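The values are calculated or read from the model by the stated rules, or taken from the named source; none is laboratory data. In this text the structure is predicted, and so the values were computed from the model without any measurement. Here the Cβ positions follow ideal geometry from the backbone for every residue, glycine too, while neighbour counts run over all protein chains shown. For accessibility, only protein heavy atoms count, side chains too; no ligands or nucleic acids. Shrake-Rupley method; radii C 1.70, N 1.55, O 1.52, S 1.80 Å.
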Amino acid sequence: DIAMPFKGAARLSSDSAHAYTDVLYTLSGWTQMPRAFLFNGNESVDTGLVVNPVLPALPDVEVLNVEVPSHDGARVRMTLLYKKGLQRGGSNPTLLNAYASYGFSETAGFSAQRMAWIERGGVFALANVRGSGVHGDPWYRAGQKATKPNTWKDGVACAEYLIAQGYASPKTLAAMGTSAGGIFVGRTVTTAPHLFAAAIFDVGVMAAVRAEDSANGITNISEFGSAANPKEFPALLEMSTYHQIKDGTSYPAVMLVHGMNDPRVDVWHSGKAAARLQAATSSKKPILLRLDMQAGHGMGSTATQR
């Protein structure tokens, strides 16, 4: 065990072909901006390589880690961030977010947007549903290809927990997912639309059946499967939000966000899903498609675009 300068998530720069006495790493926390440290074998010293702006007074943030029982009894880790003293009466604007692909886990990191949301009384919920790597490789594999439905079933369980515990209600709960996290948010919302007031589908994979036909599609076959494989096609159909939208269903308000120059997830994913939702929903809540002609997949976007 190595003592960290503060509680957070560290990212290590390493080269396994060599042995070093010094280790350089970055560390950030829920309320701490990233800093670069040098561990010399005894202690960590701030290198000064990362220069952060002076922060204004941040809200006093409560960080709560919970485990939510899912449909099959699996315990799903979720981190809740909110202002200390928050009242649980079901009236708090609450945003449930997850990625849940490639074994990527949601760990502590600083976000100015989150701080602004919390400052205004919002609850931020980060769920490490299956498909993430929070419990190692078995947890990741339990949300991949044929087992991918665990991803959104875990998402539904997390939404139900937030409502049952009084953090939110179906009038104040929203869900969000980005990129491959579009499968999480799209299928969670289409599975249990009655739990949500709103959703954000951010540069999301919405039509998984056709995804491999895009320029970047073949690189993702190992994660999601191929429509040309009869054994993998059924799972792709299940995880394809576009194909699971049902006519006459009362869907929440949805905003689909995409950059026209996205090289990772083609913009037609959001275009098709927006058109299908607009045609199918019976709720009269808005289905909005926000396209940015100057943006891509998000990396390199300006502060104004974000």
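Some points to look at:
- Rounded percent of accessible protein surface that carbon and sulfur make up, the chain, 1.4 Å probe: 54
- Highest-fluctuation residue, PHE124, PHE110, PHE196 considered, GNM on the chain with Cα pairs under 10 Å: PHE110
- Across the chain, C-alpha contacts under 8 Å between residues 6 or more apart give a mean separation that, scaled by the residue count, equals a relative contact order of 12 percent.
- Between region 21-37 and region 165-207, the Cα center-to-center distance that results, in Å: 32
- For region 202-306, average projected area of the Cα convex hull in nm²: 7.2
- Length released on extending from MET260 to LEU38, taking residue separation times 0.36 nm less the Cα-Cα span: 75.9 nm
- LYS7-SER111 pseudo-label distance in nm [points 7 Å out on the Cα-to-Cβ vector]: 1.9
- Taking only Cα atoms of region 127-237, radius of gyration then Dmax in Å: 14.5, 45
- What region 26-84 shows is 57 Å² of accessible area per residue, with the surface traced by a 1.4 Å probe over protein heavy atoms.
- Counting every pair of alpha carbons in region 215-254, the share spaced more than 13 Å apart comes to 62 percent.
- Partners for LYS148 among lysines (Cα-Cα distance below 21 Å; same-chain residues under 8 apart left out): LYS231, LYS246
- Accessible surface area normalised per residue over region 218-306 is 54 Å², counting heavy atoms of protein chains with a 1.4 Å rolling probe.
- Under 5 Å, built H, 5+ apart or other chain: amide partners of ALA295: MET260, ASN261
- Mean Cα-pair separation over length for region 161-306, i.e. relative contact order, pairs under 8 Å, 6 or more apart, %: 23
- Coordinate range of the alpha-carbon atoms in the chain per principal axis, descending: 62, 49, 44 Å.
- Residue with peak Gaussian network fluctuation, the chain [Cα springs, cutoff 10 Å], from ALA253, ALA280, ALA174: ALA280
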